[in-house]
Amino acid sequence: NTLDACKIANEICRPKTGFKPYDKYFGPGISTGNNRFEFDNSTGEVDVVFNLVDVYSGFKVRAQYIRIGDNLIVENIPNGTYKIKLYKGKNWSSVLLMEDGITNGGFLKNTNFEQITNNYRISRNSRISGIKFNVTNGGVDSKQIDQSTFFNK
């Protein structure tokens, strides 16, 4: 019945928080540091894929999925200066082909690409918290970017 189908879609078809949808394209990232970022999508209206990028090298350290209503602590981040790019939306499809013609996986509805305005410098067991998504008059400031900017340096 319909309720069973919704449960199956939510539990099986939709990625879990922490899923790394773009490891095939970005690589597994770096997990060798003692720093961490805390992301909060507890009041979210859309799911989020964040892309944590080293400002100077352009290396994508992590790209992970955060469901509506969830939080994610991302640990083992190396020292550095980072920018955070966001891909927001609803109804994830693992077979959706992105604009580059290579990358699979994306949102089918309410898509939006953003970059958090601030860069984050971390070192020596830093803990960055307070990064809240989808918060009116709070959280962090961001600017609109295009899909190509999200996936590239």
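The values are calculated or read from the model by the stated rules, or taken from the named source; none is laboratory data. Note that the structure is predicted; figures quoted are calculated from it, not measured. No Cβ is skipped: glycine too gets one built from the backbone with ideal geometry, and neighbour counts run over all protein chains shown. Remember, those area values only see protein heavy atoms, side chains included, never the ligands or the DNA or RNA. Shrake-Rupley method; radii C 1.70, N 1.55, O 1.52, S 1.80 Å.
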Would you compute, from DSSP H runs of 4+ residues alone, the mean residue ellipticity of the chain at 222 nm, taking -39500 (n - 2.57) per run and dividing by the full residue count, rounded to the nearest 500?
-2000 deg cm²/dmol
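Kirkwood Rh, region 7-74, all Cα pairs: how many Å? Show your work: numbers first, answer last.
Numbers: mean 1/r = 0.0772 Å⁻¹.
Kirkwood hydrodynamic radius for region 7-74: 13.0 Å.
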Residue-normalised accessible area of the chain, expressed per residue, 1.4 Å probe, Å²:
54
How far apart, in nm, are the 7 Å Cα→Cβ label points at S94 and K16?
1.3
In the list (i) 14.7; (ii) 15.9; (iii) 16.4, the entry giving Kirkwood radius over Cα pairs in Å computed from the coordinates is (ii)
To the nearest 0.05, how large is the calculated FRET efficiency for I30 and S129 if R₀ is 30 Å and r is the Cβ-Cβ distance?
0.90
Which of the three applies to region 37-119, rounded, prolate or oblate, going by the alpha-carbon gyration tensor with a ≥ b ≥ c and a/c under 1.5 meaning rounded?
oblate
Dipole size in debye (nearest 20) for region 35-153 around its Cα centre, Lys and Arg Cβ +1, Asp and Glu Cβ -1?
280
